[in-house]
Amino acid sequence: MSHSTAAQTSSIAEPLPADTPAIGVTCLRASGWEDALTATERAFAWATGFSAKAGSLAYLPAADGSLSRVLFGLGDPDAPGADPLIAGRLPTLLPVGAYRLDGAPDITTATLAWLLGSYRFDRYRKGDGAKACLVTPDGVDGAEVTRIARAVALGRDLVNTPANDLGPAEIEAAARALAERHGAAIRVVQGDELAREFPLIQAVGEAATRPPRLIDLTWGPEDAPRVTLVGKGVAFDTGGLDIKPSAAMLLMKKDMGGSAVALATADMVMGAGLTLRLRVLIPAVENAVAGNAFRPGDVLRSRAGLTVEIGNTDAEGRLILADALALADAETPDLILDFSTLTGAARVALGPDLPAFFTEDETLAQEVAQAGARAIDPIWRMPLHQPYASMLDSKIADLNNVSNGPFAGAITAALFLRRFAPKTKRHGHFDLYGWNPSSKPARPEGGEVQTARLAYALLKGLYGG
């Protein structure tokens with residue numbers, strides 16, 4: 001994969017200028033939708049069976065047979081379970097052309113949903129060409145919604161790209177391209193320095209032919225509040241010597257989803273010019289199988305000085321995050337957020353759509369929940385139950401990288417990470433899936449940067465912009 005390709009944003013339907021001639025799309029609730037139509041339009045809609053059911057369409061013709069306007073059903077947007085991103089279906093349903101939205105309950109959300117729903121990953125096959133495009137509605141900050149949608153597309157591109165075309169070097173290239181675009185500084189640690197300063201990252205990645213590295217991006221005034229984002233960058237995870245079965249390995253190109261979230265969030269933050277000192281740390285590795293792979297039973301020393309007994313080589317993500325978190329914690333930032341596709345236990349508990357969130361800070365927990373609601377990027381808080389820390393006890397090292405039983409896997413993983421950033425009290429850990437198993441409005445099947453829009457909404461609320 002070329003470095004330029006690694007860093008480019010993928011195809012979204014960019015919003016059109018407000019004065020572009022366009023066909024109207026009228027959003028209608030299931031209750032009373034007929035009142036918005038003329039008698040002729042009403043009769044035509046009835047004849048086609050339109051009832052304003054959520055996601056339904058009706059095309060109204062003009063007298064000359066051309067398309068006059070489109071009716072789009074919202075159902076009952078206030079009902080429990082209604083999808084606030086339902087407008088994200090429109091670019092997948094409408095014919096090529098320019099459209100103008102009318103009647104959406106929240107026009108900014110609908111605009112963003114349209115842009116997110118227009119994403120396509122077409123690198124490896126011929127795309128569909130032209131798309132249905134939305135004219136920027138009145139009252140919508142077009143630059144803001146476009147910035148968010150482009151950043152999400154960048155992250156989705158990275159997750160969707162297969163591992164033969166995206167390894168640690170290409171993750172680095174994406175970070176470098178982002179740094180160049182926003183005037184950020186970037187430093188990359190690898191080789192002997194990595195082995196010396198970040199021994200867990202080196203141990204996890206050294207069996208691969210593509211060398212591991214620690215990517216360190218910084219941006220913003222040095223005297224501003226310090227926020228550090230840490231993203232797990234496992235370009236592919238075989239499981240190591242505790243190798244995964246084939247079914248579990250199929251989607252492991254997405255095991256760098258945490259790094260994609262961190263980069264997408266950084267893209268939004270830097271693009272908006274928020275008043276903060278941003279740092280992004282990405283340990284980028286491939287967990288491969290070779291004669292020099294780390295082994296179950298090995299004891300490794302971490303950057304923080306803690307020794308870790310390896311109970312399972314497939315619990316590699318927490319190892320590389322541990323060294324990155326130790327670096328982050330050394331300067332005691334105002335906030336650390338880490339993102340990772342870390343445990344199957346979180347998926348068993350919450351499913352693929354709902355990332356698990358852990359923190360000891362009650363104020364941060366409330367802020368994160370509120371940001372998720374604003375951004376329509378939900379999470380569910382799970383407990384950092386301290387008594388479970390004993391499950392990580394080792395008889396020969398400071399701790400084991402996995403628990404000694406089948407219970408509380410997501411919690412013990414979060415407790416493991418917490419050991420490596422003890423000074424930073426405002427620390428949030430996101431355990432996410434990073435993938436849409438099926439297409440939903442604004443969320444096409446494939447790679448997803450879950451919690452990126454939440455993190456941006458959180459930082460925007462805290463630090464302005």
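The values are calculated or read from the model by the stated rules, or taken from the named source; none is laboratory data. Just so we're clear, the structure is a prediction, and the values are computed from it rather than from any experiment. We place every Cβ from the backbone using ideal geometry, glycine too, and count neighbours over all the protein chains shown. Keep in mind that these areas ignore ligands, DNA and RNA; they rest on the heavy atoms of the full protein, side chains included. Shrake-Rupley method; radii C 1.70, N 1.55, O 1.52, S 1.80 Å.
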Self-check item: Neighbours by Cβ (under 7 Å, 6+ apart or cross-chain): first from segment 228-253, under 13 Å from Val159 (Cα atoms); second of a type in the set (Ser, Thr, Tyr) and open to solvent by less than 40 Å² (accessible area, probe 1.4 Å)
Solution: Gly231/Ser259; Lys232/Ser259; Lys232/Ser340; Lys232/Thr341; Gly233/Ser259
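This table checks each residue for (1) open to solvent by 40 Å² or more (accessible area, probe 1.4 Å); (2) part of a helix (DSSP H, G or I).
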residue: Ala195; (1), (2): yes, yes
residue: Val204; (1), (2): no, yes
residue: Ala207; (1), (2): no, no
residue: Arg210; (1), (2): yes, no
residue: Leu217; (1), (2): no, no
residue: Pro221; (1), (2): yes, no
residue: Ala224; (1), (2): no, no
Quiz item: From the residues in segment 115-127 that are charged (D, E, K, R) and closer than 21 Å to Glu448 by Cα, which one is surrounded by the fewest Cβ atoms within 10 Å (Cβ to Cβ)?
Solution: Arg125
Quiz prompt | Leading residue by the ranking (least open to solvent (accessible area, probe 1.4 Å)) among those in segment 404-438 that are of a type in the set (Ser, Thr, Tyr) and free of Cβ contacts under 8 Å to residues at least 40 places away in the same chain | solution = Thr412
Exercise. Residues that are among the charged types (D, E, K, R) and without any contact (Cβ under 8 Å) to a residue 12 or more places away in the chain: find the helices (runs of 4 or more DSSP H) completely inside segment 8-127 holding 2 or more of those.
Key: none
Quiz item: Has segment 183-199 got any residue that is acidic (Asp, Glu), under 17 Å from Ala322 (Cα atoms) and in contact with a Leu (Cβ under 7 Å, 6 or more places away or on another chain)?
Solution: no
Quiz item: Residue check, Phe236 against (1) open to solvent by less than 10 Å² (accessible area, probe 1.4 Å); (2) in contact with a helix residue (DSSP H, G or I) (Cβ under 7 Å, 6 or more places away or on another chain); (3) closer than 17 Å to Asn160 by Cα, all met but one. Which one?
Solution: (1)
Quiz prompt | Residue count, segment 60-84 (criterion: more than 35 Å from the chain's Cα centre (by Cα) and surrounded by fewer than 18 Cβ atoms within 10 Å (Cβ to Cβ)) | solution = 8
Quiz prompt | Given (1) in a loop (DSSP other than H, G, I, E, B); (2) farther than 20 Å from Ser403 by Cβ; (3) of a type in the set (Lys, Arg); (4) touching a strand residue (DSSP E or B) at 6+ places or on another chain (Cβ under 8 Å), number of the condition Lys244 does not satisfy | solution = (2)
Quiz item: Being at pLDDT below 95, assigned to a loop (DSSP other than H, G, I, E, B) and over 26 Å from Arg295 (Cβ atoms), is that true of even one residue in segment 401-416?
Solution: no
Quiz item: Which residues, taken from segment 128-152, are among the hydroxyl-bearing types (Ser, Thr, Tyr) and either over 20 Å from the mean Cα position of the chain (by Cα) or crowded, with 22+ Cβ neighbours inside 10 Å (or both)?
Solution: Thr136
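Residue by residue, here is whether (1) under 23 Å from Leu454 (Cβ atoms); (2) open to solvent by 50 Å² or more (accessible area, probe 1.4 Å); (3) in contact with a Ser or Thr (Cβ under 7 Å, 6 or more places away or on another chain); (4) basic (Lys, Arg) holds:
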| position | (1), (2), (3), (4) |
| --- | --- |
| Ile12 | yes, no, yes, no |
| Trp33 | no, no, no, no |
| Thr40 | no, yes, no, no |
| Gly55 | no, no, no, no |
| Ile86 | yes, no, no, no |
| Leu90 | no, no, no, no |
| Ala104 | yes, no, no, no |
